[in-house]
1. Name the residues in segment 1-40 that are among the hydrophobic types (A, V, I, L, M, F, W, C) and assigned to a loop (DSSP other than H, G, I, E, B), would you?
2. Going by what's in this entry, would Asp70 be described as part of a helix (DSSP H, G or I) and surrounded by 12 or more Cβ atoms within 10 Å (Cβ to Cβ)?
3. Where residues in segment 99-114 are among the small types (Gly, Ala, Ser) and closer than 19 Å to Ala81 by Cβ, which of them is nearest to the chain's Cα centre (by Cα)?
Amino acid sequence: MELQIAREIIGTLARGVHPVTGELMAEDSPYHAPRVVAALLAVQQALDAAKPRRARTDLPANTGKAWSADDDEQLRLGFQAGTPTKDLAAALGRTRWAIESRLVKLGMLTLAATPAAQRAAH
């Protein structure tokens, strides 16, 4: 579900309106209770303040594309030469996570030895 749609639904509920039918909810509905309205408004504010996700256009050019044999070879050679994963990612148009994952798949790196795993451990 898109975040904007979720915001609209929460806002509609906070106003005591059924989000599908547009009808006003009954007075004895929990959506008219002050604490429920306050909670819904707090959630709506949190959604409004939520950091937007990185736009797809910000991702490297080859994100999501299949790896070619040439890509694998360039990755192997670069990794064996000691090129940092950040530089390999830039050269191959991939994310660092994709580089590390591919190295694991190629048997050149263990999952525990990936830079991401090491960063998480510290």
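1. Met1, Val20, Met25, Ala26, Ala33
2. No.
3. Applying the first criterion (among the small types (Gly, Ala, Ser)) to segment 99-114 yields 101, 107, 112-113.
So of that shortlist, the ones also closer than 19 Å to Ala81 by Cβ come out as 107, 113.
Values: Gly107: 27, Ala113: 23 Å.
Taking the candidates together, the pick is Ala113.
Every read-out reported here was derived from the displayed coordinates using simple, explicitly stated rules and does not represent laboratory data. Keep in mind it's a predicted model, so treat the numbers as computed, not measured. Note that each Cβ is placed from the backbone with ideal geometry, even for glycine, and that neighbours are counted across all protein chains shown.
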